[in-house]
Number of protein chains: 2
Amino acid sequence: MAAEMAEQPAVLAALAGRRAEVVEHVRACLPEPLAGVMLVARGSSDYAAVYGRYLLEVHAGVPGALASPSVATHYRSRLDLSDTLVVSVSQSGATEEIVATQQWARDCGAATIAVANAADSPLVASADLALVTSAGPELAVPATKTYLTQLAAMCVLGTALAPEPTALDDDLTRAADEVERLLASALGVDAAVAVLRDAEHVVVSGRGLLMGTALETALKLEETCLRPVRGYSYADLRHGPMSVVTSGVTAVLVAAKDGPLLAALVEIARDLGDRGATTVGIGGDEAFAQACAVHVPGPDLVEPVAPLGMMVPAQLVVERLARELGLDPDNPRGLAKVTRTDPTDDWKGTTE
Amino acid sequence: MAAEMAEQPAVLAALAGRRAEVVEHVRACLPEPLAGVMLVARGSSDYAAVYGRYLLEVHAGVPGALASPSVATHYRSRLDLSDTLVVSVSQSGATEEIVATQQWARDCGAATIAVANAADSPLVASADLALVTSAGPELAVPATKTYLTQLAAMCVLGTALAPEPTALDDDLTRAADEVERLLASALGVDAAVAVLRDAEHVVVSGRGLLMGTALETALKLEETCLRPVRGYSYADLRHGPMSVVTSGVTAVLVAAKDGPLLAALVEIARDLGDRGATTVGIGGDEAFAQACAVHVPGPDLVEPVAPLGMMVPAQLVVERLARELGLDPDNPRGLAKVTRTDPTDDWKGTTE
């Protein structure tokens, strides 16, 4: 896991270097008119898709949706997707339900783009366009460099779909530098590990462009450290589950250094502290750092690309925490690199 | 809570009686062509919307999406929603972010339908069409009868948007009878309460048309009984968190008596049991009942309308569990009936 984390600046820079070419390819395969984008993914890839959905709506002004694969694989529903771009995201490009859902989308008339790390994969082979993230083989079960390149792919997609030129391109190059800087500094990581080591209940919260980061951080903490961890938008947290927050809870909050949600994240950090929770803040600004019990500095990147840098301190925390707990961060118990969400082939039935 | 649960057959039957008229109104306000439906909600209403989204895609063949309110309220993004129907769901019709998101959708060109229980509410006042669920005042904080009528409203919407006549109408009338029968029988409820009373970690799982039921059951268990409870699709559970399932876990599974996901739910019940988890099954068929350690019978309703009946045994479990734990099911600590997801008004800023 640590070795693959260290490769992230290089694979990110390589993808950023190919962006102009990829943007042209994406634009050439868009439906005209484009009604919206549907993203198809599961697990970490799904959280990259959550980021992609916000980026497309906020940055490119295109409505997004996250597909429910069972609608394709089990219910075999027939939707008119002729004005829709369907983007499937899978590290291996081999997850059966994602491949099947992409095929279903093509049958429903959609234009399809596969975002996969493995060029030689069924997802890539059967898409209209493949955006291969080329991060090299990932051997540790927890996705790190492939996740970061999936986020970068979402940025390239955002650039391609935006009606006007944007600053996202330059920011993507800066992101690689920030990832390198954060990997080297590891500031605040040990303090965060010390708090999380003894935590009973852990929740992770963020919102908007950083929502995917919160969900991915929760999943990584849960899978790698074998503890149940929940990820929420702060709005969902306030809407109900806040009532179960007491002194037994450790709350990890992720925030960009700017953007329209930062003030509210400072506020929820204070409120969680007032309820007796121990707060671990990643990123944000000075006020956010002050409002959290433990603070891990984040990237110096504007909110739209902040997730690319923000995941690095979270990875460092997860990796060290796993070792601290005597676990192997590379091979958490009971997980496989290519997952089957339906162990039997019942749902395949006859092909349509 | 118990008193309002008892009113459910009557309010459901009343709504079913108005369905033909409502279907006509909905059809009259649809954009032509209709590209898709965006649902706007939070909390329990959001889980009714999750059901609505599956129902629309599976039953009516219309692409659905769940809105991210921050795109409207904080990022103030401008999307072209002129071919989109936006359905906002809120019991009170007064949740500020939902009202603001509906207004944003109108500004983006969408046709808007408000599903609310309070006729005299800002959400109803500012929608193109109001589908008032008329369940009467709900005094207990946990939504019960208003949630069930929201599900019924989703059925009416599904009928209105389906290109051809369907059996959903008749099934809706039968649902009221099944709700009444299940309220009276309460079979298996005490056994489920006995297991959950001593549970350390609780997860709830389902999928597809019953996914919203799984999420709502998790939320109710968490809010009413003040325990952290997570809801997952079984596919997401298998994709990763399954690795943290051991003998300390109690898994509540919800399944319809039929449908393409039932076999997989029987299978995950067995797998969870093999991992040492205590399984509580609600609904399903004979094989599902056999595969679970404790079984609570569900409604005799086909999968598309099963959620309307399925929530009743779950409500009975939650209500009795709360009392068993010495808590007041009507007034869980720290929750308000109308929630503010952003305590300050910062995000309101200038109107657009």
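The values are calculated or read from the model by the stated rules, or taken from the named source; none is laboratory data. Please read all numbers here as calculations on a predicted model, not as lab measurements. We place every Cβ from the backbone using ideal geometry, glycine too, and count neighbours over all the protein chains shown. Heavy atoms of the whole protein, side chains included, go into the accessibility calculation; ligands, DNA and RNA do not. Shrake-Rupley method; radii C 1.70, N 1.55, O 1.52, S 1.80 Å.
Excluding ligands, DNA and RNA, what is the solvent-accessible area per residue of segment B:2-173 at a probe of 1.4 Å, expressed in Å²? Provide the component values of the computation, followed by the final result.
Numbers: 5330 Å² over 172 residues.
Computed with neighbouring chains in place, this is 31 Å² per residue.
So if we plug the beta-carbon distance of B:Ala14 and A:Arg270 into 1/(1 + (r/R0)^6) with R0 = 45 Å, what FRET efficiency do we get, rounded to 0.05?
Numbers: r = 45 Å, r/R0 = 1.01.
Computed FRET efficiency for B:Ala14 and A:Arg270 comes out at 0.50.
Using the Cα centre of segment A:2-173 as the reference point, and only Cβ charges (+1 on K/R, -1 on D/E), how large is the resulting charge dipole? Debye, rounded to the nearest 20.
On the way: 9 positive and 19 negative charges, 61 e Å.
Using Cβ point charges on Lys, Arg, Asp and Glu, segment A:2-173 gives about 300 debye.
Across peptide B:231-241, how many C-beta atoms of other chains are within 10 Å of each residue C-beta, on average? Don't jump to the answer; show the numbers that get you there.
Numbers: counts 1, 0, 5, 3, 12, 5, 1, 6, 14, 13, 9.
For peptide B:231-241, the averaged partner shielding equals 6.
With a/c under 1.5 counting as rounded, go ahead and sort segment B:151-206 into rounded, prolate or oblate using the C-alpha gyration tensor (a ≥ b ≥ c being the square roots of the eigenvalues; past the cut-off, prolate if a/b is larger than b/c, else oblate). Walk me through the numbers on the way to the answer.
Details: a/c = 4.78, a/b = 2.03, b/c = 2.36.
Oblate, because a/c is 1.5 or more while a/b does not exceed b/c.
Which is farthest toward the positive dipole end of segment A:182-324 among A:Val244, A:Val280, A:Ala191, measuring Cα position about the Cα centre, with Cβ charges +1 (Lys, Arg) and -1 (Asp, Glu)?
After comparing all options, I get A:Val244.
Could you check the simple spin-label distance between B:Ala119 and A:Ser247, using points 7 Å along Cα→Cβ, in nm with one decimal?
Reported label-point gap for B:Ala119 and A:Ser247 is 5.1 nm.
Take the alpha carbon gyration tensor of segment B:1-74, find the square roots of its eigenvalues, order them as a ≥ b ≥ c, and report rounded if a/c is under 1.5; if not, report prolate when a/b exceeds b/c, else oblate.
In terms of gyration-tensor shape, oblate.
Two decimals is fine: what is log10 I(q)/I(0) at q = 0.08, 0.10 Å⁻¹ for segment B:2-173, from a Debye sum with one equal scatterer on every Cα and no solvent?
Log10 I(q)/I(0), no solvent term: -0.21, -0.33.
Suppose a student asked you for the relative contact order of segment B:2-173, using Cα pairs under 8 Å spaced at least 6 residues apart; what percent would you report?
Contact order relative to length: 28 percent.
Run the numbers on segment A:182-324 and let me know its relative contact order in percent, using alpha-carbon pairs under 8 Å that are six or more apart.
On the way: 289 pairs, mean separation 43.2, N = 143.
Dividing the mean separation by the residue count of segment A:182-324 yields 30 percent.
Give me the net charge for the shell around A:Tyr234: Cβ to Cβ below 11 angstrom, other residues only, Lys and Arg +1, Asp and Glu -1. Mind dumping the intermediate values first?
Numbers: positive: A:Arg207, A:Arg238; negative: A:Asp236, A:Glu267, A:Asp271, B:Asp342.
Counting the neighbours of A:Tyr234, the net charge comes to -2.
At 0.36 nm per residue, and after removing the present C-alpha to C-alpha distance, how many nm does the segment from B:Leu66 to B:Ala184 gain when stretched out fully? Write down the numbers at each step before the final one.
On the way: separation 118, 0.36 × 118 = 42.48 nm, distance 3.48 nm.
Additional length available on full extension: 39.0 nm.
Tell me the total accessible area that B and A bury against each other, 1.4 angstrom probe, in square angstrom rounded to 100.
Working: alone 14070 and 14060 Å², together 22930 Å².
Summed over both sides, the interface buries about 5200 Å².
In debye to the nearest 20, how big a dipole does the protein assembly as shown give about its Cα centre with +1 on each Lys and Arg Cβ and -1 on each Asp and Glu Cβ? Present the calculation step by step, with values, prior to reporting the outcome.
Numbers: 52 positive and 90 negative charges, 158 e Å.
So the magnitude is around 760 debye.
Any idea what angle helix A:8-17 forms with the longest principal axis of chain A, computed on alpha-carbon atoms, 0 to 90 degrees, nearest 10?
The two axes meet at around 40 degrees.
Please work out the FRET efficiency for the pair B:Glu324 and B:Ala287, using the Cβ-Cβ distance as r and a Förster radius of 30 Å; give the result to the nearest 0.05. Spell out each step's value before the answer.
Numbers: r = 30 Å, r/R0 = 0.99.
Rounded to the nearest 0.05, the efficiency is 0.50.
Taking 8 Å as the Cα distance limit and 6 or more residues as the minimum spacing, I'd like the relative contact order of chain B as a percentage.
Numbers: 726 pairs, mean separation 65.1, N = 352.
Relative CO of chain B lands at 18 percent.
Which of A:Asp80, A:Asp285, A:Asp300 moves the most in a Gaussian network model of chain A with Cα springs under 10 Å?
Among A:Asp80, A:Asp285, A:Asp300, the largest GNM mean-square fluctuation belongs to A:Asp80.
Using a simple charge model, +1 on the beta-carbon of Lys and Arg, -1 on the beta-carbon of Asp and Glu, nothing else, what dipole does segment A:182-324 show about its Cα centre, in debye to the nearest 20? Could you put the intermediate results ahead of the total?
Working: 11 positive and 17 negative charges, 48 e Å.
In total the dipole reaches around 220 debye.
Starting from the Cα gyration tensor of segment B:182-324, take the square roots of the eigenvalues, sort them a ≥ b ≥ c, and report rounded, prolate or oblate (rounded when a/c is under 1.5, otherwise prolate if a/b is larger than b/c, else oblate).
Values: a/c = 1.40, a/b = 1.02, b/c = 1.37.
Rounded.
Could you identify which residue out of B:Glu216, B:Glu96, B:Glu24 has the top mean-square fluctuation in a GNM of chain B using Cα springs shorter than 10 Å?
Greatest mean-square fluctuation among the candidates belongs to B:Glu24.
Label 7 Å along Cα→Cβ of A:Asn331; segment B:211-255 residues with amide nitrogen under 19 Å?
B:240, B:243-244
Could you work out the mean projected area of the convex hull around the alpha carbons of segment A:97-212, in square nanometres to one decimal? Provide the component values of the computation, followed by the final result.
Values: hull surface 42.2 nm².
The number I arrive at for segment A:97-212 is 10.6 nm².
Convex hull over the alpha-carbon atoms of chain B: what's its volume per residue in Å³?
Details: hull volume 45.0 nm³, N = 352.
That works out to 128 Å³ per residue.
Rg/Rh for the protein assembly as shown: what does it come to with C-alpha atoms and Rh from Kirkwood? Spell out each step's value before the answer.
Values: Rg = 23.5 Å, Rh = 25.2 Å.
Dividing the radius of gyration by the Kirkwood radius yields 0.93.
Which residue, B:Glu200, B:Glu324, B:Glu164, tops the fluctuation ranking in a GNM of chain B built on C-alpha contacts under 10 Å?
B:Glu164
Report the one residue of B:Val179, B:Ala162, B:Ser121 whose Cα lies farthest in the direction of the positive end of the charge dipole of the protein assembly as shown (charges on C-beta: Lys and Arg +1, Asp and Glu -1; origin at the Cα centre).
Among B:Val179, B:Ala162, B:Ser121, the one farthest towards the positive end of the dipole of the protein assembly as shown is B:Val179.
If you add up the charges near A:Ala111, with Lys and Arg at +1 and Asp and Glu at -1, over every other residue whose beta carbon is less than 14 angstrom from its beta carbon, what do you get? Before the final figure, lay out the partial values.
Details: positive: A:Arg27, A:Arg106; negative: A:Glu32, A:Asp80, A:Asp83, A:Asp107, A:Asp128.
Here the count lands on -3.
Add +1 for every Lys or Arg and -1 for every Asp or Glu among the other residues with Cβ under 12 Å from the Cβ of B:His295, and state the total.
Numbers: positive: none; negative: B:Asp285, B:Glu286.
That sum, taken over residues with Cβ under 12 Å, equals -2.
So, in nm, how far is label A:Glu200 from label B:Arg78 when the simple model puts each one 7 Å beyond its Cα toward the Cβ?
Taking the simple label geometry, A:Glu200 and B:Arg78 are separated by 5.2 nm.
So what's segment A:292-334 giving for Cα Rg divided by 2.2 N^0.38 Å, two decimals?
On the way: Rg = 13.2 Å, N = 43, 2.2 N^0.38 = 9.2 Å.
Against the compact-globule rule of thumb, the ratio is 1.44.
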